[in-house]
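*Asks:* Got a structure for you, questions after.
The values are calculated or read from the model by the stated rules, or taken from the named source; none is laboratory data. Keep in mind it's a predicted model, so treat the numbers as computed, not measured. Ideal geometry is used to build each Cβ from the backbone, glycine not excepted, and the neighbour counts take in all protein chains shown. For accessibility, only protein heavy atoms count, side chains too; no ligands or nucleic acids. Shrake-Rupley method; radii C 1.70, N 1.55, O 1.52, S 1.80 Å.
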Amino acid sequence: MSDTIEKIKCLIIGSGPAGYTAAIYAARADMKPVVYTGMEPGGQLTTTTEVDNFPGYPEGIDGPTMMVQLQQQAERFGTQVRIGMATAVEFSKEPGGWHKVIIDGNKEVHAQTVIISTGATAKYLGLPSEQRLRGGGVSACAVCDGFFYRNQDVAIVGAGDTAAEEATYLANICKSVTMLVRKDFMRASKAMQHRVENTPNLTVLYNSEVDEVIGDQVVDGLRIVNNKTGEKHEIAITGLFIAIGHKPNTDIFKGQLTMDETGYLITEGKSTKTNIPGVFASGDVQDKEYRQAITAAGSGCMAALDAERYLATLESH
């Protein structure tokens, strides 16, 4: 069995902006990184049509193309990009220990350093019409996509601080914003609620849920149901933003890596170090504040530098 176990200097789990940026830096540092792409090669950006806020693209770029280019850049320096998913891990607690990672349930690899860039998955409502129109007016990121709906009528679903913050952000650039809250109260902090209430072009509908997203190729409107009375009505919108939370992709690390109550990996101070020596976390898997491609890429760079310094420390001993 030991003959079939591959030993890797730097293993990167996940292939979004964080994973590929980590790979670029690790490859240039001669760490010979291997990237396993996971179920969604390229990460969340592959579901985004236009990316207009990533530096260096004055005309904007579509998400899938950008991720292909990031992969090509990583491969140019010698990164091995492989299709496959980490299904189990057994991390060594000893400095210098080898970390065991199982790929697709059957292949075992041992890594000196592991960079976790598995991201987070946006929660959606689960309606067929919503899923069909993702990228055609349905979005889970107001900061990413709100610009495309400037001076238009949009709606947002959610009741927490993030939803309130995104609703007021949209109100600054859109003609009108309708906020749908499932219960008869908002979960957002009082300060955020006051901000929502004091925004003139923002309307909050309580006890309200999406019954159907209307539109063929793009969003044309929304059918809303009052969950108290059962009454339905339609509004004309061009964009629907879902702000009901994200789920970090950290299930396989439970019991080994320190997480917060919602499953985000906790890193030390300003570094990407986890509680296990030689294991680092970058991107949305450890960032529930910003969740942008550029911040994910920045933390991928940090993770590769932290991993390089870790290996240098081992070699010096």
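*Asks:* Go through the range 52-69 residue by residue and tally those that are assigned to a strand (DSSP E or B) and closer than 23 Å to ASN249 by Cα.
*Replies:* 0
*Asks:* Just checking, how many residues over the range 270-301 are farther than 21 Å from GLN69 by Cβ and either outside any loop (DSSP other than H, G, I, E, B) or small (Gly, Ala, Ser) (or both)?
*Replies:* Count: 7.
*Asks:* Mind listing whichever residues of the range 141-166 are open to solvent by 20 Å² or more (accessible area, probe 1.4 Å) and either touching an Asp or Glu at 6+ places or on another chain (Cβ under 6 Å) or at pLDDT below 95 (or both)?
*Replies:* CYS141, VAL143, CYS144, ASP145, PHE147, PHE148, ASP161, THR162, GLU165, GLU166 - these are the residues of the range 141-166 that are open to solvent by 20 Å² or more (accessible area, probe 1.4 Å) and either touching an Asp or Glu at 6+ places or on another chain (Cβ under 6 Å) or at pLDDT below 95 (or both).
*Asks:* Do we find that TYR169 is out of contact with any Lys or Arg (no Cβ under 7 Å at 6 or more places or on another chain), surrounded by 23 or more Cβ atoms within 10 Å (Cβ to Cβ) and not acidic (Asp, Glu) in this structure?
*Replies:* It is false that TYR169 is out of contact with any Lys or Arg (no Cβ under 7 Å at 6 or more places or on another chain), surrounded by 23 or more Cβ atoms within 10 Å (Cβ to Cβ) and not acidic (Asp, Glu).
*Asks:* With the condition being among the β-branched types (Val, Ile, Thr), I'd like the strands (runs of 3 or more DSSP E) fully within the range 197-268 carrying at least 3 qualifying residues.
*Replies:* Per the criteria, 208-214.
*Asks:* Starting from the range 193-217, keep only residues that are within 19 Å of LEU125 (Cα to Cα) and in contact (Cβ under 8 Å) with a residue 60 or more places away in the chain, then list their pairs with residues that are open to solvent by less than 50 Å² (accessible area, probe 1.4 Å) and assigned to a helix (DSSP H, G or I) whose Cβ atoms are within a distance under 8 Å, requiring at least 6 positions of separation or different chains.
*Replies:* VAL210/GLU130; GLU212/SER129; VAL213/SER129; VAL213/GLU130; ILE214/SER129; GLY215/SER129
*Asks:* Please work out which residue is farthest from GLY14 (Cα to Cα), limiting yourself to the range 225-276 and to residues that are of a type in the set (Ser, Thr, Tyr) and surrounded by fewer than 16 Cβ atoms within 10 Å (Cβ to Cβ).
*Replies:* THR229
*Asks:* Keeping to the range 127-140, report how many residues are among the small types (Gly, Ala, Ser), more than 18 Å from the chain's Cα centre (by Cα) and either on the phi > 0 side of the Ramachandran plot or open to solvent by 20 Å² or more (accessible area, probe 1.4 Å) (or both).
*Replies:* The number of residues fulfilling the criteria is 1.
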